[in-house]
Number of protein chains: 2
Amino acid sequence: MENTKKTFRELLDKIQAYGHAMSKMYYDSVTVMPKRGNEAVGRTLGVLSEEEYKLSTSEELKSCTKELLAHKDELDAITAREAELTWESFSKLEKIPMDEYVQYQMDVNTAQGVWHEAKVKSDFAMFAPHLEKLVKFNRNMARYIDPEKPPYDVLLDEYEKGMTMEKLDEFFAKVRAGVVPLLKAVMERGRKIDVSFLEKDFAIDKQREFSEFLMKLMRMDKERSAIGETEHPFTINFTKNDVRITTHYHEDMLLSSLYSVVHEAGHATYELNIGDELAMTTLGTGVSMGVHESQSRFYENIIGRSREFVGLIYGELVRLFPQEMEGVTEEQLYLAVNRAQPSLIRTEADELTYALHVMVRYEIEKKLIAGEIEVAELPKLWNELYKEYLGVDVPDDKNGVLQDSHWSGGSFGYFPSYAIGSAYAAQLLSVMEEEMDVFAQVKSGDLQPIIDWLTCRIYKFGCLKKPGELIEQACGKPFDPQYYIDYLTKKFTEVYKL
Amino acid sequence: MENTKKTFRELLDKIQAYGHAMSKMYYDSVTVMPKRGNEAVGRTLGVLSEEEYKLSTSEELKSCTKELLAHKDELDAITAREAELTWESFSKLEKIPMDEYVQYQMDVNTAQGVWHEAKVKSDFAMFAPHLEKLVKFNRNMARYIDPEKPPYDVLLDEYEKGMTMEKLDEFFAKVRAGVVPLLKAVMERGRKIDVSFLEKDFAIDKQREFSEFLMKLMRMDKERSAIGETEHPFTINFTKNDVRITTHYHEDMLLSSLYSVVHEAGHATYELNIGDELAMTTLGTGVSMGVHESQSRFYENIIGRSREFVGLIYGELVRLFPQEMEGVTEEQLYLAVNRAQPSLIRTEADELTYALHVMVRYEIEKKLIAGEIEVAELPKLWNELYKEYLGVDVPDDKNGVLQDSHWSGGSFGYFPSYAIGSAYAAQLLSVMEEEMDVFAQVKSGDLQPIIDWLTCRIYKFGCLKKPGELIEQACGKPFDPQYYIDYLTKKFTEVYKL
């Protein structure tokens, strides 16, 4: 058994090493790489992913894992869970033909490069053939993994274990029933919120300085984290001691980078506070996209758009932008960051309309992965759904179907995690508030007790527990989207004096 | 044969892929990685370098290469040269035990991290045990490769094929005989050059903007190159379509980053202009460190410190730093960038004293690799040689033995390339001047004809020719350091009105 454990660990370490190298190359390619470096990156990723695939599907790993699982009672909790998850991913990977898998890694790399350019040029046709390849692979992959289940359910399960269209249809129906009338009330009866003071240019080097302030406020450890710049902000964790957030500065949109930094810092906070005993294992990372988004959206919205947090950042904004902020009160800033307004861009959307943006993507992905629609039809359907759900006209694909990076990265089934995450976050808040005066804590400027609370309930467990189980234990009851509806109702009733 | 060629290419591509991934990880680790990411990087590099080593020493590669070399006449020039170089490096690598090689990759990674910190803290003792490991490996490696030759000759040959201590002793003796009296004349009889206008703070964001100007002036293609920031500036080429330069901005030293950017852009210009037919082969990179340094130092000194180049950058400096540059004339700037002054830091050294800095390192490396001195004695010997060659007192190890990154990266035998490179550059200039009015061309602001000339003579060949052969063909005669002495004498006689 000790030998088996040792071999198992060595194999997992090797697989992790390949993953580490590939993630680093990805990070480089979307932050600092000159455009034409991409071709060689694709080739290198092809070589590395082939090796990773071979290791991940090797007979050696299979027999080790099998033996460990046969003696599960004798294993420590970490190794037992690792063996379980390895077996799971083993069984999946084994079903995907290697040549298709390797080709896919290279296709994703190419597609990401093309997407960046297509978005700049607002040219969907340029991106379409690449997207088709990715869609095809994902449809096939889902069938390889479980031919009995609808393909989209298989993909959803990848991002949030146990998630299905049935559950999501019910969830989104509830959200829709709560959000749509609330938004209607806001638009018809809410007070007018002035955001004209934001319609200025805010120098990017000052915004960079402000990001440093935010990262400090959020207690991000400088020795273990850093910020980069990219087209579409994301967080990537190489280990719990090397977590990178990214942002995109827009001179004319102060709030865009501000809240993307708080959002990504939320993801990073999760990763930075994984239990030390998990650090060098395959469990040393966030457990699911839904739980991850619950953290990013908790900090971005629940904390970050609270009156107390706005109080913390107001002074620094005035210091950095004395002219731009002249005459702007703290209350005006608070209202401005909470203005609800149907819009075109998901990442710029307010807390209230956000779920509607996600619903558009959910409806599209359902149809696309089922093969009910094809890639060429995406722009039309996208624009129709934006009109239906948000009442807005999409002027071009750059502000429409090309806005998000997810599909270019091969992620289909990720988007619902954002809405689920928001709902998890609201439920977590209600429990936290029973034990702590959360917003008094924010007001004090010391977020550490909040981070500590979440570390104890969520972060430290890494992948040791399943997402549903984790949320249920943290909250003391099963997941219930009603908390989310109640939270939004209370907040927007107050903000808009309904 | 066609099958052998195909397998050979596939194996080389794989080896290149590993190299690519490792270089990317290295680049990340010294530009943007938070400090504590280093541990995991070491482990990953261990895994990747083991695979690379296995491939590079595999029986499959050996038999392919052997077969190709047996039919060398039937091969195209590129494949023939690749086979030749592969056989050479194969024969070397095969002699190094794999466990030592893999351990060394990890040791280098650790040593680089420690060196960065040790330099900041000026703490040689902290770095010494790591340096000892690297020295030991290099001594052993040299003996493995060729037990007949003095170990330092084996290492010199790695950086500049054919270089030996015998040749270098003769070269440095000539340089010393030329430079020492010239420097003496400058110090005793030269006019006083005022550099007080540089003793100000130059805002780093403006310096960043200036770097962009320089890269444009030097015709660096934005789609194929980029600039990063690091402790100790270097250039790294992943492919000819992805070349990165780096710099380090010091608010109180405008010229430091300015000339490091021109220097690194010189390296980059070489890589960016390798022949397209070599791009995806193992020959698609600069042929040796000496030839590489000839290019970086050609642009940095011969072009970059010419009156004509100073004329090109003067206006932009005035635009970016109107207050700091107030009252400074173009002629004052020209004299300031050419002031000769014995000093402590090699990378900040002027064109005239530079070779003396290199000589200190050469003398130390000779003794260190021969085992005549040990690591613990380095600071003392360093300080003694600086006193002897440059007449300066070294105040601490940060400004002494810890200043350069080379040894922490395992490079022993690299330093002489800088001096050799300067001498190559001066000889190349003399030939170029026979065919073109070089400085009139600089004055025009269009450096392209100069780049084109060097592309035809040097860049396009990549590793297709040997360094000595390349320089000899480009110059039409063998290498002769007299051009370098003559160039320095003419220049400093003019600058100092001797």
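Data table
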quantity	calculated
Filtered GluC sites (Glu not before Pro), segment A:63-154: DSSP coil and at most 10 other beta carbons within 10 Å	A:148
Trypsin sites (Lys or Arg not before Pro) within segment B:72-116, DSSP loop, no more than 16 other Cβ atoms inside 10 Å	B:95
Point-to-point label distance, residue B:185-residue B:381, nm (Cα→Cβ direction, 7 Å offset)	3.4 nm
Descending principal axes extents, segment A:208-256, alpha-carbon based, whole Å	34, 22, 11
Length-normalised contact order for chain A - Cα pairs under 8 Å, 6+ apart - percent	19 percent
Cross-link table B:136/B:380; B:149/B:466; B:465/B:490; B:174/B:490, entries beyond 25 Å C-alpha to C-alpha	B:465/B:490
Semi-axis lengths (Å, descending) of the ellipsoid that matches the C-alpha gyration tensor of segment A:191-310	28, 16, 12
Projected area averaged over orientations for segment A:348-498, convex hull of C-alpha atoms, nm²	11.6 nm²
Segment A:237-304 - charge dipole about Cα centre, Lys and Arg +1 at Cβ, Asp and Glu -1, debye rounded to 20	100 debye
Cα→Cβ-extended label distance, 7 Å offset, between residue B:136 and residue B:446, nm	5.9 nm
GluC sites (Glu not before Pro) within segment B:352-414, DSSP loop, no more than 11 other Cβ atoms inside 10 Å	B:372
Computed Rg/Rh of segment B:1-117, alpha carbon atoms with Kirkwood Rh	1.08
Kirkwood-type radius of the protein assembly as shown, with distances r between different C-alpha atoms, in Å	31.2 Å
Other copies of residue A:449: label-to-label distances in nm, shortest first, labels 7 Å along the beta-carbon direction	7.4
Gyration tensor over alpha-carbon atoms, chain A, equivalent ellipsoid semi-axes in Å	36, 27, 23
Across the identical copies, how the residue B:70 labels are spaced - nm, sorted shortest first, 7 Å along Cα→Cβ	4.7
Built amide H within the under 5 Å cut-off of residue A:228, gap 5+	A:245, A:246, A:247
Average partner coverage of A:49-60, which counts Cβ from other chains inside 10 Å	1
Antiparallel bridges, percent of DSSP beta bridges restricted to the protein assembly as shown (to nearest 5)	45 percent
Square roots of five times the Cα gyration tensor eigenvalues for segment B:132-277, Å	33, 27, 16
Cβ-vector label at 7 Å, residue B:399, separations to other copies in nm	5.9
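Readers should treat all values here as calculations from the given coordinates under stated rules, not as data from a laboratory. Keep in mind that this is a model prediction, so the values were computed, not measured. FYI the Cβ positions are ideal-geometry reconstructions off the backbone, even for glycines, and counts take in every protein chain you see.
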